[in-house]
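What follows is calculated from the coordinates using simple rules that are stated; it is not laboratory data. In this text the structure is predicted, and so the values were computed from the model without any measurement. We place every Cβ from the backbone using ideal geometry, glycine too, and count neighbours over all the protein chains shown.
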Amino acid sequence: MYDTLNYIEFVFTYIYIKKRKLCQKKIIGFSKLSREEKIDWLSEKIFNDSDQVRSILDNYLNSNKDIQTIHDSFSENSISNFYLPYSLSPNFLINNKNYTIPLVTEESSVVAALSNAAKFWFDKGGFKSKVKSFTKRGHIHLSFNGDKEALKEFINNNREYILKSTDNITKNMKKRGGGISAINIIDKTSDLKNYFQLSVDFDTSDSMGANFINSCLEAMSKKIDELSKQYDYFIKSSYSINIVMSILSNYTPDCIVEAHAECDIKDLIDIGGIQSDEFAKKMKYAFDIAKVDINRAVTHNKGIMNGIDAILIATGNDFRAVEAGIHSYASLNSKYESLSECTILGNKFRISIKIPLSVGTVGGITDLHPLVKLSLQILGSPSSRDLMSIIACVGLAQNFAAVKSLITSGIQKGHMKMHLINLLIKNNANEDQIKRAKKYFVDKEINNSSVSEFIKSNK
């Protein structure tokens, strides 16, 4: 018996190792395979049960073939869809207008926290927000081995021709009030030998503008290369411009939005059983900690991004670009700090945020994804500036809710309450068990073990 078991174990181990080795082989032409062929390959190389794999992948396909075709166009090598909950948070009063916010997130407590924060501030005047600046930037990165002044003179003398090279690209953007607003040569040789930048400022109107900016920069690069090879001074002196790359920057310190909410301290009532003046002081101290301690600042800002990322995804915006820009902005003062502040002035309690946001309401998947279109309609078809204001307020609301929980009941109480349903489903609870569990865990510790034990004792 023992030998038989050993043999079976050996066989399965051998098969597993063989499969893993097969997985290490390079596959050529994967992108040219059909969806069915890609799944066959996946099943053969990784899984033993191809039917189960195929069933899971098929279950997440859209039954509408036209919609599925749209989804498949978003990414190469698509074999299915990855679903996340699409939620709503009502009662967001922003600049005296009542919004319902569409959100996409997998974190269980985010929507509940946002909804509570929105409700809390609704009858206290809501949130106020203002776009302070709207400039986005891209760069042509140059290597130049000659006289700095000669390079500057070349750019200045040819500025008109360089700009004209983008006319076909900027024509429609200009009609919408956007376009190129400035170009400047920047000397970066103190950082890197022979390194210069042509910094280009853009107004992209209601689009996020990544493709627009990059197309403009590449057209300008070609024109600079062409003109430099005909420039007499460069020819005679053997100076040469080497264009390294042309690309937009996700660092957008001149595309800034501010938001705040404030109320009388006396209105901070019924919050975790803490007196209003004590709550205000404790809240401010918690915000101040995030200003001076990087350990807290990172987590503090992550809480802000819980809300911001959720609405960015729902509106089809590039949350990775926004994340990168915002977190770099948090280091503007040469150390990483919190993005928000809490102040007490006399009898006034105020929370505020100032962040860079490069977002769009036209172009990209905003014109393609049905749910993205719906999200923008729910928001009242906002301009990109309006969307910046909405997003900033959502981030601030999430921040307030998170810190409020931390200084009162603790973050886990609310989070685990929302997580309870996930744990019940994980433990195969039926409808009756779920109903009883909600009552049972009102004042009980919630974790996987306690939920598992509850299910066992309530069959």
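Listed values, structure above:
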| quantity | calculated |
| --- | --- |
| Residues of type lysines that LYS456 reaches as a straight line, Cα spacing below 22 Å, ignoring anything fewer than 8 places off in the same chain | LYS417, LYS426, LYS435, LYS438, LYS439, LYS444 |
| Global geometry of the stretch 191-328, whether rounded, prolate or oblate, following the gyration tensor of its Cα atoms and the 1.5 cut on a/c | prolate |
| Low-density loop positions, chymotrypsin sites (Phe, Trp or Tyr not before Pro), the stretch 87-135 - DSSP coil, at most 14 other Cβ in 10 Å | none |
| Rounded to whole Hz, the Karplus (6.51, -1.76, 1.60) HN-Hα couplings of the stretch 64-74, x for glycine and proline | 7, 4, 5, 5, 4, 4, 4, 4, 5, 6, 6 |
| Extended-chain gain in nm, criterion 0.36 nm per residue less alpha-carbon gap, LYS373 and ILE56 | 111.4 nm |
| Residue-wise HN-Hα coupling along the stretch 362-377, computed from phi with Karplus coefficients 6.51, -1.76, 1.60 (Hz; x: Gly, Pro) | 9, x, x, 7, 4, 8, 10, 6, x, 6, 5, 4, 4, 4, 5, 5 |
| Under 16 Å from the Cα of LYS164 - aspartates and glutamates, other chains or at least 8 residues apart | ASP201, GLU218, ASP225, GLU226 |
| Simple Cβ-charge dipole of the chain, Lys/Arg +1 and Asp/Glu -1, about Cα centre, in debye nearest 20 | 300 |
| Length gained when the stretch ASN430-ASN77 is fully extended (0.36 nm per residue, less Cα-Cα span) | 123.3 nm |
| Global form of the chain, assessed from the alpha-carbon gyration tensor, a/c cut-off 1.5 | oblate |
| Peptide ranges 236-245, 353-362 listed from the most packed, as the mean C-beta count within 10 angstrom indicates | 353-362, 236-245 |
| Cross-link table LYS119/LYS266; LYS132/LYS152; LYS97/LYS119; LYS132/LYS335, entries beyond 25 Å C-alpha to C-alpha | LYS132/LYS152 |
| Counted charge near ALA297, where neighbours are those whose Cβ lies closer than 14 Å (Asp, Glu -1; Lys, Arg +1) | 0 |
| Taking only Cα atoms of the stretch 136-248, radius of gyration then Dmax in Å | 14.2, 46 |
| Spacing of the two label points (7 Å from each Cα toward its C-beta) at ASN295 and SER190, in nm | 3.6 |
| Theoretical gain in end-to-end length, ASP40 to LYS281 [0.36 nm per residue, Cα-Cα removed] | 80.7 nm |
| Partner lysines for LYS26 [C-alpha distance under 26 Å; skip if fewer than 8 residues away on the same chain] | LYS18, LYS38, LYS45 |
| Estimated FRET transfer efficiency (ARG320, LEU345; beta-carbon r; R0 25 Å; 0.05) | 0.10 |
| Projected-area mean, the stretch 415-457, by convex hull of Cα positions, square nanometres | 2.6 |
| Bridge type composition, the chain - antiparallel percent by DSSP, nearest 5 | 95 |
| Sparsely packed GluC sites (Glu not before Pro) within the stretch 30-104, loop by DSSP, other Cβ within 10 Å at most 15 | GLU76 |
